[in-house]
1. Under the 0.36 nm per residue contour assumption, what length would be gained going from the current alpha-carbon distance of B:Ala23 and B:Val127 to full extension?
2. Other chains near B:124-137: what is the mean number of their Cβ atoms within 10 Å of each residue's Cβ?
3. Counting only other chains, and only Cβ atoms inside 10 Å, what mean value do you get across the residues of A:104-110?
4. Under unit Cβ charges (Lys, Arg +1; Asp, Glu -1), what dipole magnitude, rounded to 20 debye, does chain B have relative to its Cα centre?
5. If you look for lysine pairs in the protein assembly as shown that are eight or more places apart or on different chains, how many of them have Cα atoms under 18 Å apart?
6. Per the protein assembly as shown: cysteines with no other Cys C-beta under 4.7 angstrom?
7. Which value, in square angstrom to the nearest 100, describes the accessible area buried between chains A and B on both sides, using a 1.4 angstrom probe?
8. What does the C-alpha gyration tensor say about the overall shape of segment B:53-123? Classify as rounded when a/c is under 1.5, otherwise prolate if a/b is larger than b/c, or oblate.
Amino acid sequence: MKNSDEHIIKISDIVYTAAILIAALVIFALVAGGGKGQTVVFKLDGEVLAELPLDKDATYEVQGAYTNVFAIEGSTLRVTETNCPHQECQKTGAVSAMGASIVCAPNHVSATITGEGVEIDAITG
Amino acid sequence: MQLPADGTRKFVFASVLCGIALALSLIDSAISSAIFPLPGFKLGLANIVSLFAIYTLGFSYAFLILVVRSLVTALLSGNVTMLFFSLAAGAASIVVMWLLVGRLSIIKTSVTGSVCHNAVQVAVAMVITSTPQVAYYMPILIAAGTLSGFAMGALCTLIIRRLKIPTIQHPWRIT
């Protein structure tokens, strides 16, 4: 390994990295690649607040330590207004794929798109 | 370059590495907050310093550098939640890399350590925000981290060879 006649990047390294990348992408395709979502599940501190259908335009406001205003429009979900410190949730933009979620970590809030075939272990509060 | 033999010089060398790790960690959090929606999730650029410390200084110094850079990064960037992410992910990454260090090449060690780092970050995110749905992001995040791990491993190999820094004798290494 300390021999300077060897290449720095060997073929076995590329094969190893490619194998890990392919495994990661295969798992992604299996889990979250299929189909459009149907309902949005809003959770605060792990408890389900509401479930709204994705195909009807609506707005939903969540009040925790901070305020998040979610908007469902044109079958996509996004955060329109928020006063949390870094505004990461708003920067996420619009999501529409099944399994995608928008998370506001300081507020302990998450909005996830679920559909058929995905189990929701939720406790309605 | 001769690796310092006595304790004080090793300590100073470790401090310099810690400073470099700190700078990389801050750049890392600046880049990662622009790309990823999860706060506290980092690309793992500072793992190159952990890898380098494992090869030249040993496990205890590498761990010390990790703890100090996590603390100072979290304090400097004002985001204390990042502390848990950095510590847990960095510690897991260092343990995995230490176990692999005599057996695989530097790049493979770096890639494996990076995968472990990102997986632990996602796991910690799942626990802290109580949303298992964060796991849906895991494959893409792991893919991004793998690429950065590959680049860091290549860079580390280049550095160790060009500077001819002697690596320490690990207990199970044959050479």
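1. Using 0.36 nm per residue and subtracting the Cα-Cα distance, I get 34.6 nm.
2. Details: counts 0, 2, 0, 0, 2, 12, 7, 11, 5, 15, 5, 4, 11, 6.
Mean number of neighbouring Cβ atoms from other chains: 6.
3. Values: counts 3, 10, 4, 1, 4, 2, 6.
That average works out to 4.
4. Values: 10 positive and 2 negative charges, 104 e Å.
Using Cβ point charges on Lys, Arg, Asp and Glu, chain B gives about 500 debye.
5. Within the protein assembly as shown, the lysine pair count is 7.
6. So far as the 4.7 Å Cβ criterion goes, A:Cys84, B:Cys18, B:Cys116, B:Cys156 stand without a partner in the protein assembly as shown.
7. Answer for the A-B pair: about 3100 Å² buried.
8. oblate
The values are calculated or read from the model by the stated rules, or taken from the named source; none is laboratory data. Not measured: the values here are computed from a predicted model. Please note: Cβ atoms are built from the backbone with ideal geometry, for glycine as well, and neighbour counts cover all protein chains shown. Surface accessibility is based on the protein's heavy atoms, side chains included, excluding ligands, DNA and RNA. Shrake-Rupley method; radii C 1.70, N 1.55, O 1.52, S 1.80 Å.
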